[in-house]
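The values are calculated or read from the model by the stated rules, or taken from the named source; none is laboratory data. Remember, it's a predicted structure, so these values are computed and weren't measured experimentally. Cβ: placed from backbone, ideal geometry, glycine included. Neighbour counts: every protein chain shown. We work out accessible area using only protein heavy atoms, side chains counted, and drop any ligands, DNA or RNA first. Shrake-Rupley method; radii C 1.70, N 1.55, O 1.52, S 1.80 Å.
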Amino acid sequence: MTNQQSLAAFAQAVRFIPGGVDSPARAFGAVGGNPLFIDRAQGAYLWDIDGNRFIDYVGSWGPMILGHNHPAMVESVQKTLEKGTSFGAPTLLETRLAELVTEAIPSVEMVRFVNSGTEATMSAIRLARGFTGRDKIVKFSGNYHGHADSLLVAAGSAAATFGVPNSPGVTRGTSQDTLVLPYNDHEALLRLFETLGETIAAVIFEPVVGNMGCVLPTQPFLEALREVREVYGTLLICDEVMTGFRVRYHGAQSLFGIHPDLTTLGKIIGGGLPVGAYGGKREIMQQVMPAGPVYQAGTLSGNPLAMAAGIATLETLKKEDPYPYLEQISHQLADGIQNAAQKKNIPLCVNRVGSMMTFFFQPGPVFDWNTSAKSDTKRFATFFHGMLERGVYLPCSQFEAMFVSAKHTAEDIEKTIKAAETALAECSLK
């Protein structure tokens, strides 16, 4: 694989952009080397500026469930573009997408569109505090809810700790009302609420975690979340920015029987264009300005191009129902990689839900940040570059989930498994 043009592009980019990228997830810091610069995409494939083609399992970090450049989405955006790019005023597109979201996710009776997942979670937390009149929130280590100051905090021990900022520029005062617990530790959650429950406005969590790799919730953990909501009046904020419409049309909350008060969404509901949303029970959402006193605003919120792309995507998902096919080929891929690793005597734990999965280079099981962190990141880096050389584009971190699209064919899956067999053989030599 030649990548001379990408190397030159990166050298130019670092002169003007910090680290040469506009999001750390795009850098190759966790695997070594420099990122590829992408020129175009179609279906299940990417082409870089050197002309190399890759089977894509990043999918723009989740939204490309229908594949890149789906005709319905492209046509919808093109027609909307001819009318204008932004008006700063209401459009029918916003109402239609809101209708689709509320029809699909029973816990969402009203929805407010924003411009990113970070903005959605930040706004949902402010709303929860305003609605309950309480200050503290609980989050879980390894759950990523965007880069709002109050959420960029480090986890403590197995017991709850007050959040300690883990990024320069975030003050202790900003994060002092954020409590951090281990994901899936139901006992720690119940203990915390026994002492501080009356002061906690909300618990924010991912129903399936994607940023410590794909990690699923346990049943005792889900039951504890229900209990604290019912007993203490704390709001549950289900962060489905990554999982919404990805693992199931009605969201991961429908898969696990979760009944949140607020839900955050993004990625798929914009068809790949910048978008976010938060929604929930009518009585709570009516507290958002101008209906209520909780302030939130955005010049580009409900942008017509993003709304058009989202409508086309959700309507296509509803009509074509690709989820059984996604389950089939994702299962095939996960089993194929797992079997290939076993043949090479390489410890590999595969976590998967629907078309979202992670290959952890360790025996497993992986159910929280501490167990995820046991993964062999050096071996993953070798595997990543081995796959890249063979035309397979994976997330450039052991701790990011990968995604399968409805445009991946059985042939693509078989090619990926064959590539993995060789790449894993290289891993076993190092």
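Tabulated results
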{"read-out": "Residue check for PRO347: part of a loop (DSSP other than H, G, I, E, B), open to solvent by 30 Å² or more (accessible area, probe 1.4 Å) and free of Cβ contacts under 8 Å to residues at least 40 places away in the same chain", "value": "yes"}
{"read-out": "Residue match in the stretch 413-420 (condition: surrounded by fewer than 21 Cβ atoms within 10 Å (Cβ to Cβ), touching a residue at least 40 places away in the same chain (Cβ under 8 Å) and over 18 Å from GLN338 (Cβ atoms))", "value": "no"}
{"read-out": "Members of the stretch 191-237 that are more than 18 Å from PHE256 (Cβ to Cβ), without any contact (Cβ under 8 Å) to a residue 60 or more places away in the chain and among the β-branched types (Val, Ile, Thr)", "value": "THR195, VAL231"}
{"read-out": "Single residue of GLU223, GLU240 found to be charged (D, E, K, R) and out of contact with any Gly (no Cβ under 6 Å at 6 or more places or on another chain)", "value": "GLU223"}
{"read-out": "Single residue of ALA381, ALA406, ALA410, ALA419 found to be within 30 Å of LYS139 (Cα to Cα) and of a type in the set (Gly, Ala, Ser)", "value": "ALA381"}
{"read-out": "Residue identified as free of Cβ contacts under 8 Å to residues at least 24 places away in the same chain and either β-branched (Val, Ile, Thr) or part of a loop (DSSP other than H, G, I, E, B) (or both) among THR85, THR102, THR95", "value": "THR95"}
{"read-out": "Every pair of residues 6+ apart whose Cβ atoms lie under 7 Å, when the first sits in the stretch 105-117 and is more than 14 Å from LEU236 (Cβ to Cβ) while the second is of a type in the set (D, E, K, R)", "value": "GLU109/LYS281; GLU109/ARG282; MET110/ARG282; PHE113/GLU94"}
{"read-out": "Residue that is least open to solvent (accessible area, probe 1.4 Å) [pool: residues in the stretch 216-226 that are part of a loop (DSSP other than H, G, I, E, B) and within 26 Å of GLU119 (Cα to Cα)]", "value": "PRO217"}
{"read-out": "Residue among GLY197, GLY146, GLY169, GLY173 that is at pLDDT below 90, surrounded by fewer than 23 Cβ atoms within 10 Å (Cβ to Cβ) and either in a helix (DSSP H, G or I) or acidic (Asp, Glu) (or both)", "value": "GLY173"}
{"read-out": "Residue count, the stretch 21-43 (criterion: closer than 15 Å to VAL392 by Cα and out of contact with any Phe, Trp or Tyr (no Cβ under 9 Å at 6 or more places or on another chain))", "value": "2"}
{"read-out": "Filter result (in contact (Cβ under 8 Å) with a residue 40 or more places away in the chain, out of contact with any Asp or Glu (no Cβ under 6 Å at 6 or more places or on another chain), in a helix (DSSP H, G or I) and more than 24 Å from GLY142 (Cβ to Cβ)) within the stretch 384-403", "value": "HIS385, LEU388, GLU389"}
{"read-out": "Test result for ALA188, assigned to a strand (DSSP E or B) and surrounded by 16 or more Cβ atoms within 10 Å (Cβ to Cβ)", "value": "no"}
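Residue by residue, here is whether (1) on the phi > 0 side of the Ramachandran plot; (2) in a strand (DSSP E or B); (3) among the acidic types (Asp, Glu); (4) open to solvent by 10 Å² or more (accessible area, probe 1.4 Å) holds:
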| site | (1), (2), (3), (4) |
| --- | --- |
| ALA308 | no, no, no, no |
| ILE329 | no, no, no, no |
| GLY336 | no, no, no, yes |
| ALA341 | no, no, no, no |
| ARG352 | no, yes, no, yes |
| PRO365 | no, no, no, yes |
